[in-house]
1. Among the numbered conditions (1) within 20 Å of the chain's Cα centre (by Cα); (2) surrounded by fewer than 22 Cβ atoms within 10 Å (Cβ to Cβ); (3) in contact (Cβ under 8 Å) with a residue 24 or more places away in the chain; (4) more than 24 Å from Gly145 (Cα to Cα), tell me where Ala500 comes up short.
2. Would you check which residues across region 243-274 are under 20 Å from Val210 (Cβ atoms) and hydroxyl-bearing (Ser, Thr, Tyr) and list them?
3. Any idea which of (1) crowded, with 19+ Cβ neighbours inside 10 Å; (2) modelled with pLDDT of 80 or more; (3) more than 23 Å from Gly508 (Cα to Cα) is the one Phe99 doesn't satisfy?
4. Count, please, the residues in region 407-459 that happen to be of a type outside the set (Gly, Ala, Ser) and closer than 22 Å to Val540 by Cα.
5. Any idea which of Leu165, Leu148, Leu169 is of a type in the set (A, V, I, L, M, F, W, C) and either over 24 Å from Thr74 (Cβ atoms) or not in a helix (DSSP H, G or I) (or both)?
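The values are calculated or read from the model by the stated rules, or taken from the named source; none is laboratory data. Just so it is clear, the model here is predicted, and its values are computed rather than measured. Methodologically, a virtual Cβ is constructed for each residue, glycine included, from the backbone with ideal geometry; neighbour enumeration extends over all protein chains shown.
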Amino acid sequence: MGNSVELETLRPPPRHSHQIRPRTPGSSSTMRHQDHDEPDPERVAFLQTTQHAAINDAQGSYRDSRLQNVFSITIAASVLILAMEIVCSIPIAPRMVIFEEIICRKYYDETLQSGTGLGDCKIEPVQSELSRINGWKETFDTIPGLALSIPYGTLANRIGRDKVLMLALIGCVLAEIWVAVVCLLSHTLPLRAVWLSGVFQLIGGGDATVISMCYTLIGDACAPEQRTTAFSQIHAATLLSELISIPLGSLLISVSPWIPVIGAPALMALATLVALLYIHNFASSHTNKHMLDSDDSSWSLPSASSKKTWYQLGSTTWKLASASGWITKDVMLMLVAFFLCQIGRRCSSVLLQYSSVTLDWEFATVRHPFFPTVKDYLPVASGLCSLITDSFAQASYLIALRAGVNMFVIVVLIPCISRYLISKRGFRQSQTDKYITVISGLWLLVGSIFIFLSGSPLVLILGQISFAFGLAFPVTARSFLTTMVDQRHLSLLYTSITAAEYGGVMIGGPLLAGAFQWGLNLGGFWVGMPFLVIAVLFAVCTISVSVADSTLEMGDVPSFE
């Protein structure tokens, strides 16, 4: 800090300007700075100390405020996603009950037959229509998020994340209201009108935008070393929502399935209002964040882009075309694996319908050529199942079971296996990710086969547990795929993964619905045809990952012997 230029900028004018020391011949410029009008050291030190103290105080206040904002935004985003997931998941099983009742009543009204109860609704025409409605509804609900993700992302850079998040939440609330209205007016409106719920998600881009904006808000607020923990909290909130919402929805069915279907939009609107008010207060505090960033680059945040939408889209297209060299054979194999895996993961609705059609959960009397009934092993199961009489409610606990096992695998099992392979067996991270992904694919394959062959709740539960052990497939597969491309192409890579997954979501609903209709026509244990299709898809996924290789030098694989 003793440089002469800094001293010149801070020194006061000379006290006696008329007393000019004569210049000595041969004196250097350094001597002039030392001997000519030398500033008062005490004053310079005081000015520097005061200035630095003010800057440090401001930076300290900014950092404290930032840490508070990071915590607050992370908690608010996690609570918002948790609330939205719970509100969206609670009506899943009750909605299936109402849809089935509406289709069943319409079928018997048109055929002039009289049913003797809910059991008559398990016939092929009713279940085929129910599967068709659910499958295509998932596809139509996905289209807005896929089509509008880039425009709304660009809009968020211009008007703010919280405002786009508000639009997306409003669209989700309106979509839920529309489904409830169609169910209430089923005598007037056809049930297939629920497919139009995706139209309302054009406002904001739907739940895909909600998730994206929450991640973006956290990414804006967090330092790089904090993001992993923050994103893990978001993922944990999603899993926790399944553990809470599915059993709650099943319990409400025993009272009335209309309670969650009608109450979900109201709860969603309330959660939206509270969370948005909370997020807006803290998100708005980042508008002045650049005032101190020039003094402390480690706390700098990305500024909003001022590019025009069409210019940005054109630039992205040009970059994608010019940088397509990163798409190698191994990358394509992994993208195919993501696409097929996402199709197989869209089986919750089919699982509920399949288990409610094929299994008698109260007495477990359905016989199967390969497996005995649950009464032979767990006599107490029939007593537990009798507490909840609706087949959809009983079957929905399979989804909660899957979420619980999946959380255990991600939080406990995978970190332990990864630590063991790296520290004890000398595996590199890319090798560890690959082997865990392959093992996950095998679990998904085994679980799908068990579910396909299940003739009793016991075998179905075993299949669902096996299936849940493999649901970490996309997590480790994403990490493995990251090692295949150069760092500068990661943005394009993640965009490609998202596109592949959304493609799987769009195709998965109609494909599994068609497979279920085919199985119903064949009858017998072929009713589980969707899970045979899923097993084939996961087999291809596993083979794709096992064949793919990272661009890093894999070397010799450590031996387990």
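1. Looking at each condition in turn, Ala500 falls short on (4).
2. Selection gives Ser245, Thr272.
3. Here Phe99 clears every test but (3).
4. 19
5. Leu148
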